[in-house]
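For reference, the structure discussed in these notes is given below.
The values are calculated or read from the model by the stated rules, or taken from the named source; none is laboratory data. Since this is a predicted model, take the numbers as computed values, not measurements. When we count neighbours, we look across all protein chains shown, and the Cβ atoms used for this are built from the backbone with ideal geometry, even at glycine. These area figures cover heavy atoms from the full protein model, side chains too; ligands, DNA and RNA do not enter into them. Shrake-Rupley method; radii C 1.70, N 1.55, O 1.52, S 1.80 Å.
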Amino acid sequence: MPTVLLLGAGSDIAVAIARKFAAAKYDIQLAGRDASALLPQQQDLQVRYGITATTHTFNATDFNTHAGFYHALPTTPDITVCVFGYLGDQEKAQQNWLESAAIIHTNYTGAVSILNIIADNYVAVNRGTIIGISSVAGERGRQSNYIYGSAKAGFTAYLSGLRNRLYRSGVHVITVKPGFVNTQMTQHLTLPPLLTAQPTAVAEAIFKAVRKQQHTIYVKWHWKYIMLIIKLIPEGIFKKLSL
(Lines give C-alpha, C1' and ligand atoms only; values in the text may rest on other atoms or scores of the structure.)
Protein backbone atom coordinates (compact mmCIF):
# COMPACT_ATOMS: atom_id res chain seq x y z
CA MET A 1 0.00 0.00 0.00
CA PRO A 2 1.17 3.59 -0.59
CA THR A 3 1.97 5.56 2.54
CA VAL A 4 1.21 9.12 3.68
CA LEU A 5 3.32 10.90 6.31
CA LEU A 6 1.45 13.59 8.24
CA LEU A 7 3.72 16.12 9.98
CA GLY A 8 1.62 17.70 12.69
CA ALA A 9 -0.85 14.83 12.78
CA GLY A 10 -2.84 15.99 15.80
CA SER A 11 -4.51 18.98 14.15
CA ASP A 12 -8.12 18.95 12.97
CA ILE A 13 -6.99 19.30 9.36
CA ALA A 14 -4.51 16.44 9.72
CA VAL A 15 -7.17 14.16 11.19
CA ALA A 16 -9.42 14.84 8.19
CA ILE A 17 -6.54 14.25 5.75
CA ALA A 18 -5.62 10.98 7.47
CA ARG A 19 -9.18 9.71 7.19
CA LYS A 20 -9.50 10.72 3.55
CA PHE A 21 -6.35 8.91 2.47
CA ALA A 22 -6.97 5.93 4.76
CA ALA A 23 -10.39 5.51 3.15
CA ALA A 24 -8.53 5.20 -0.17
CA LYS A 25 -6.34 2.47 1.38
CA TYR A 26 -3.20 4.47 2.06
CA ASP A 27 -1.18 3.50 5.11
CA ILE A 28 -0.69 6.46 7.45
CA GLN A 29 2.33 7.64 9.45
CA LEU A 30 1.19 10.03 12.21
CA ALA A 31 3.92 12.37 13.45
CA GLY A 32 3.53 14.90 16.26
CA ARG A 33 5.15 16.27 19.40
CA ASP A 34 3.39 13.71 21.60
CA ALA A 35 3.21 10.36 19.87
CA SER A 36 1.19 8.85 22.71
CA ALA A 37 -1.57 11.41 22.13
CA LEU A 38 -1.88 10.07 18.58
CA LEU A 39 -2.63 6.51 19.68
CA PRO A 40 -6.46 6.87 19.66
CA GLN A 41 -6.25 8.28 16.13
CA GLN A 42 -3.95 5.43 15.07
CA GLN A 43 -6.33 2.80 16.44
CA ASP A 44 -9.36 4.47 14.88
CA LEU A 45 -7.74 4.55 11.44
CA GLN A 46 -6.73 0.90 11.62
CA VAL A 47 -10.11 -0.33 12.80
CA ARG A 48 -12.22 1.95 10.62
CA TYR A 49 -10.28 1.56 7.36
CA GLY A 50 -8.26 -1.64 7.70
CA ILE A 51 -4.92 0.04 6.99
CA THR A 52 -1.64 0.21 8.89
CA ALA A 53 -1.11 3.37 10.93
CA THR A 54 1.98 4.17 12.98
CA THR A 55 2.82 6.97 15.41
CA HIS A 56 6.09 8.90 15.63
CA THR A 57 7.51 11.69 17.77
CA PHE A 58 8.26 14.81 15.75
CA ASN A 59 8.90 18.35 16.96
CA ALA A 60 8.92 20.96 14.20
CA THR A 61 11.19 23.33 16.10
CA ASP A 62 13.70 20.75 17.33
CA PHE A 63 15.68 20.91 14.11
CA ASN A 64 18.54 18.66 15.18
CA THR A 65 16.17 15.69 15.54
CA HIS A 66 14.62 15.94 12.09
CA ALA A 67 17.05 13.73 10.17
CA GLY A 68 16.94 11.01 12.81
CA PHE A 69 13.15 11.12 12.91
CA TYR A 70 12.77 10.76 9.16
CA HIS A 71 15.33 8.04 8.63
CA ALA A 72 13.81 6.01 11.48
CA LEU A 73 10.42 5.75 9.75
CA PRO A 74 9.49 2.15 8.95
CA THR A 75 9.04 2.92 5.24
CA THR A 76 9.69 5.87 2.96
CA PRO A 77 6.37 7.70 2.61
CA ASP A 78 5.04 8.18 -0.91
CA ILE A 79 3.33 11.42 0.14
CA THR A 80 4.40 13.87 2.84
CA VAL A 81 1.94 16.47 4.11
CA CYS A 82 3.33 19.35 6.16
CA VAL A 83 0.32 20.30 8.27
CA PHE A 84 1.84 21.85 11.39
CA GLY A 85 1.52 25.56 12.02
CA TYR A 86 1.07 28.17 14.72
CA LEU A 87 -1.14 31.23 14.32
CA GLY A 88 0.25 32.92 17.41
CA ASP A 89 -0.64 36.30 18.85
CA GLN A 90 0.31 39.23 16.62
CA GLU A 91 0.16 41.88 19.36
CA LYS A 92 2.22 39.76 21.73
CA ALA A 93 4.73 38.99 18.99
CA GLN A 94 5.26 42.69 18.33
CA GLN A 95 6.58 43.09 21.87
CA ASN A 96 7.97 39.64 22.62
CA TRP A 97 10.63 38.08 20.42
CA LEU A 98 9.94 34.61 21.80
CA GLU A 99 6.40 34.76 20.42
CA SER A 100 7.71 36.03 17.07
CA ALA A 101 10.28 33.24 16.99
CA ALA A 102 7.65 30.62 17.76
CA ILE A 103 5.52 31.84 14.86
CA ILE A 104 8.44 32.03 12.43
CA HIS A 105 10.10 28.75 13.38
CA THR A 106 6.88 26.74 13.46
CA ASN A 107 5.47 28.06 10.20
CA TYR A 108 8.68 28.43 8.19
CA THR A 109 12.03 27.32 9.62
CA GLY A 110 10.80 23.97 10.92
CA ALA A 111 9.05 23.22 7.65
CA VAL A 112 12.15 24.02 5.61
CA SER A 113 14.31 21.89 7.92
CA ILE A 114 12.28 18.70 7.61
CA LEU A 115 11.24 19.15 3.97
CA ASN A 116 14.85 19.66 2.86
CA ILE A 117 15.61 16.22 4.28
CA ILE A 118 12.57 14.62 2.70
CA ALA A 119 13.20 16.32 -0.66
CA ASP A 120 16.74 14.92 -0.83
CA ASN A 121 15.40 11.44 -0.10
CA TYR A 122 12.71 11.76 -2.76
CA VAL A 123 15.28 12.91 -5.32
CA ALA A 124 17.37 9.82 -4.53
CA VAL A 125 14.45 7.50 -5.30
CA ASN A 126 13.03 9.67 -8.14
CA ARG A 127 9.50 9.76 -6.79
CA GLY A 128 7.30 11.28 -4.10
CA THR A 129 4.82 14.05 -3.42
CA ILE A 130 5.33 16.89 -0.95
CA ILE A 131 2.32 18.91 0.16
CA GLY A 132 2.73 22.10 2.17
CA ILE A 133 -0.18 23.87 3.82
CA SER A 134 0.58 27.55 3.53
CA SER A 135 -1.87 30.44 3.82
CA VAL A 136 -3.48 33.30 1.94
CA ALA A 137 -2.06 35.45 4.77
CA GLY A 138 1.28 35.19 3.00
CA GLU A 139 0.12 36.98 -0.13
CA ARG A 140 0.29 40.49 1.35
CA GLY A 141 1.34 41.69 4.76
CA ARG A 142 -1.51 43.08 6.87
CA GLN A 143 -1.23 44.70 10.29
CA SER A 144 -3.45 42.10 11.95
CA ASN A 145 -1.14 39.14 11.28
CA TYR A 146 1.99 40.21 9.41
CA ILE A 147 4.42 38.08 11.41
CA TYR A 148 2.41 34.93 10.73
CA GLY A 149 1.81 36.14 7.17
CA SER A 150 5.50 36.77 6.54
CA ALA A 151 6.38 33.24 7.68
CA LYS A 152 3.72 31.80 5.38
CA ALA A 153 4.94 34.03 2.53
CA GLY A 154 8.37 32.52 2.99
CA PHE A 155 6.90 29.02 3.05
CA THR A 156 4.95 29.67 -0.17
CA ALA A 157 8.13 30.90 -1.89
CA TYR A 158 10.04 27.89 -0.56
CA LEU A 159 7.46 25.45 -1.94
CA SER A 160 7.54 27.23 -5.32
CA GLY A 161 11.31 26.93 -5.52
CA LEU A 162 11.19 23.33 -4.33
CA ARG A 163 8.64 22.50 -7.04
CA ASN A 164 10.93 24.07 -9.64
CA ARG A 165 13.97 22.18 -8.33
CA LEU A 166 12.34 18.76 -8.01
CA TYR A 167 10.32 18.66 -11.21
CA ARG A 168 13.02 16.88 -13.23
CA SER A 169 13.44 14.32 -10.47
CA GLY A 170 9.86 13.11 -10.73
CA VAL A 171 8.89 14.67 -7.41
CA HIS A 172 5.69 16.72 -7.25
CA VAL A 173 5.14 19.64 -4.85
CA ILE A 174 1.70 21.05 -4.00
CA THR A 175 1.03 24.35 -2.23
CA VAL A 176 -2.29 24.52 -0.36
CA LYS A 177 -3.85 27.84 0.66
CA PRO A 178 -6.96 27.02 2.69
CA GLY A 179 -8.06 30.49 3.79
CA PHE A 180 -10.14 30.40 6.98
CA VAL A 181 -10.69 26.90 8.36
CA ASN A 182 -13.00 26.00 11.22
CA THR A 183 -10.54 24.37 13.63
CA GLN A 184 -9.48 24.55 17.26
CA MET A 185 -6.77 27.03 16.23
CA THR A 186 -9.39 29.51 14.99
CA GLN A 187 -12.09 28.97 17.62
CA HIS A 188 -11.37 32.36 19.20
CA LEU A 189 -11.98 34.16 15.90
CA THR A 190 -15.28 35.25 14.32
CA LEU A 191 -15.05 33.83 10.81
CA PRO A 192 -17.30 34.59 7.81
CA PRO A 193 -19.19 31.38 6.98
CA LEU A 194 -18.98 31.86 3.20
CA LEU A 195 -15.18 32.06 3.31
CA THR A 196 -14.59 29.40 5.97
CA ALA A 197 -13.82 25.80 5.03
CA GLN A 198 -14.28 22.70 7.13
CA PRO A 199 -11.29 20.38 7.66
CA THR A 200 -13.00 17.70 5.55
CA ALA A 201 -13.12 20.14 2.62
CA VAL A 202 -9.38 20.78 2.96
CA ALA A 203 -8.74 17.03 2.95
CA GLU A 204 -10.92 16.53 -0.11
CA ALA A 205 -9.14 19.34 -1.99
CA ILE A 206 -5.72 17.89 -1.15
CA PHE A 207 -6.73 14.39 -2.22
CA LYS A 208 -7.97 15.73 -5.57
CA ALA A 209 -4.81 17.84 -6.01
CA VAL A 210 -2.66 14.72 -5.62
CA ARG A 211 -4.71 12.81 -8.18
CA LYS A 212 -4.71 15.71 -10.65
CA GLN A 213 -1.06 16.71 -10.04
CA GLN A 214 -2.06 20.30 -9.30
CA HIS A 215 0.49 22.87 -8.18
CA THR A 216 -1.24 25.52 -6.05
CA ILE A 217 -4.77 25.21 -4.76
CA TYR A 218 -7.19 27.44 -2.88
CA VAL A 219 -9.64 25.31 -0.91
CA LYS A 220 -12.41 27.88 -1.42
CA TRP A 221 -12.11 29.47 -4.86
CA HIS A 222 -13.22 32.88 -3.57
CA TRP A 223 -9.83 33.40 -1.93
CA LYS A 224 -7.94 33.48 -5.21
CA TYR A 225 -9.88 36.55 -6.33
CA ILE A 226 -10.07 38.18 -2.90
CA MET A 227 -6.29 38.07 -2.59
CA LEU A 228 -5.86 39.27 -6.17
CA ILE A 229 -7.90 42.36 -5.33
CA ILE A 230 -5.96 42.92 -2.12
CA LYS A 231 -2.63 42.64 -3.95
CA LEU A 232 -3.77 45.17 -6.55
CA ILE A 233 -4.55 47.91 -4.00
CA PRO A 234 -1.88 50.64 -4.37
CA GLU A 235 0.48 50.79 -1.39
CA GLY A 236 -0.38 54.43 -0.73
CA ILE A 237 -3.98 53.39 -0.10
CA PHE A 238 -3.27 49.99 1.40
CA LYS A 239 -1.12 51.32 4.24
CA LYS A 240 -4.05 53.40 5.49
CA LEU A 241 -6.45 50.46 5.72
CA SER A 242 -7.21 48.46 8.84
CA LEU A 243 -6.83 44.90 7.68
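The single condition among (1) under 24 Å from T106 (Cα atoms); (2) in a helix (DSSP H, G or I); (3) not acidic (D, E) that A209 does not meet is (1). Whenever a residue of the range 212-239 is touching a residue at least 60 places away in the same chain (Cβ under 8 Å), its partners that are open to solvent by 70 Å² or more (accessible area, probe 1.4 Å) and among the charged types (D, E, K, R), lying with C-beta atoms within less than 7 angstrom and at least six residues away or across chains, give the pairs Y218/K224.
Here F21 meets each of (1) more than 15 Å from I79 (Cβ to Cβ); (2) in a helix (DSSP H, G or I) with one exception, condition (1).
For the range 175-197, the condition holds for at least one residue, the condition being that it is at pLDDT 95 or above, within 21 Å of I79 (Cβ to Cβ) and of a type in the set (A, V, I, L, M).
If only residues of the range 198-211 that are free of Cβ contacts under 8 Å to residues at least 24 places away in the same chain and within 15 Å of I79 (Cα to Cα) are counted, the one that is most open to solvent (accessible area, probe 1.4 Å) is R211. Taken over the range 21-80, the criterion of being touching a helix residue (DSSP H, G or I) at 6+ places or on another chain (Cβ under 7 Å), open to solvent by 20 Å² or more (accessible area, probe 1.4 Å), of a type in the set (S, T, Y) and under 22 Å from V125 (Cα atoms) is satisfied by T76 alone. Selection within the range 1-20: residues that are open to solvent by 30 Å² or more (accessible area, probe 1.4 Å) and not hydroxyl-bearing (S, T, Y). The member of this set that is nearest to R127 (Cα to Cα) is P2.
Listed conditions (1) part of a helix (DSSP H, G or I); (2) more than 30 Å from N164 (Cβ to Cβ); (3) touching a residue at least 40 places away in the same chain (Cβ under 8 Å) are all met by L243, apart from (1). Go through the range 110-134 and report how many residues are at negative phi, open to solvent by less than 20 Å² (accessible area, probe 1.4 Å) and either out of contact with any strand residue (DSSP E or B) (no Cβ under 6 Å at 6 or more places or on another chain) or in a helix (DSSP H, G or I) (or both). Qualifying residue count for the region: 7.
What about G68, is it closer than 15 Å to I117 by Cβ and at pLDDT 95 or above?
It is true that G68 is closer than 15 Å to I117 by Cβ and at pLDDT 95 or above.
Checking the stated criteria, A93 turns out to be open to solvent by less than 20 Å² (accessible area, probe 1.4 Å), modelled with pLDDT of 95 or more and among the small types (G, A, S).
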